[in-house]
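Remarks on the structure that follows.
What follows is calculated from the coordinates using simple rules that are stated; it is not laboratory data. What you are looking at is a predicted structure, and each value in this text was computed from that prediction instead of being measured. Cβ atoms come from the backbone with ideal geometry, glycine included; neighbour counts cover every protein chain shown.
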Amino acid sequence: MSAAGSGGAAPSGAPLRVGVLASGGGTNLQALIDARDAGALGPARLVVVGSNVAGCGALDRARAAGLDTFVVEHRGHATREAFDRALVAELRARQVDLVVLAGFMRIVTAELLGAFPDRIVNIHPSLLPAFPGVHSQKQAFDYGVKMTGCTVHFVELGVDSGPIIAQAVVPVLEDDDAERLRLRILAEEHKLLPAVVRALAEGRVSREGRRVRVAKD
């Protein structure tokens, strides 16, 4: 994408072909599937789900929804770069336009980023740039913040450091514990991610440097 452009958009009039990468249970993937089934993804088309963990719940959800799947186990590759090259081959074979990281527990390299420039997004359970990395919900709870939430952002080489596309705010309640807070954040993730994928598919997302704008639908 140039300094000002539309991230993720497919050629005019064509559906946006979306590939999802996941490592765990796949609840954010399920939110995308449910949005698809409800006609809420606009011109976005879920075409494949890939994982580095054979037998993870996300793959089960994908197969139940009739989606193509693949597994590339990271332990079978000598370097992160070699692993990412294998991912790129699988995604390109399905003609993927946009890559969505939905609980994908791997740090990506320039091999993947270069193959899909400004066309990889991630969902993270905090209001970035606060609390990047793992266990963000507990980090926020233990820190004592009054507000936290979730973020969808473009992916770059830094950990959870890419330009922010959209965020949802979740208040920390007086009677919260870390698990209750995690579940309330997760509920917002399930709304935010499909909304961003639809906006990308409709060409409503533009970026200038780190400033990202999402036009109203």
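Ranked highest first by the average count of other Cβ atoms within 10 Å around their residues, in what order do 100-111, 155-166, 172-183 fall? Provide the component values of the computation, followed by the final result.
On the way: 100-111: 19.3, 155-166: 17.3, 172-183: 12.8.
Per-residue Cβ counts within 10 Å, averaged per peptide and sorted highest first, yield 100-111, 155-166, 172-183.
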Review point. Computed over the Cα atoms, what is the radius of gyration of the chain divided by 2.2 N^0.38 Å, N being its residue count?
Key: 0.97
Check your understanding: What residues qualify as long-range amide H neighbours of Arg17, i.e. H under 5 Å apart, gap of 5 or more or another chain, H built at 1.01 Å from N?
Key -> Arg45, Asp97, Leu98
Check your understanding: Under the Karplus relation 6.51 cos²θ - 1.76 cosθ + 1.60, θ = phi - 60°, what is the ordered set of whole-Hz ³J(HN,Hα) values for region 65-80, x standing for Gly and Pro?
Key -> 8, x, 8, 5, 9, 8, 10, 10, 7, 5, 5, x, 10, 5, 9, 4
Review point. Between Gly26 and residues 5 or more places away or on another chain, which pairs have amide H atoms under 5 Å apart, with H built 1.01 Å from N, and which residues are they?
Key: Ala58
Practice item. Step through the residues of region 176-182 one at a time and calculate ³J(HN,Hα) from phi using the Karplus curve (6.51 cos²θ - 1.76 cosθ + 1.60, θ = phi - 60°), rounding each to whole Hz and writing x for Gly and Pro. Key: 5, 10, 4, 6, 4, 5, 4
Point to revise | GNM flexibility winner over the chain from Val99, Val145, Val71 (Cα, springs under 10 Å) | key: Val145
**Study point:** Amide H partners (placed H, <5 Å) of Gly162, local residues excluded
**Key:** Glu156
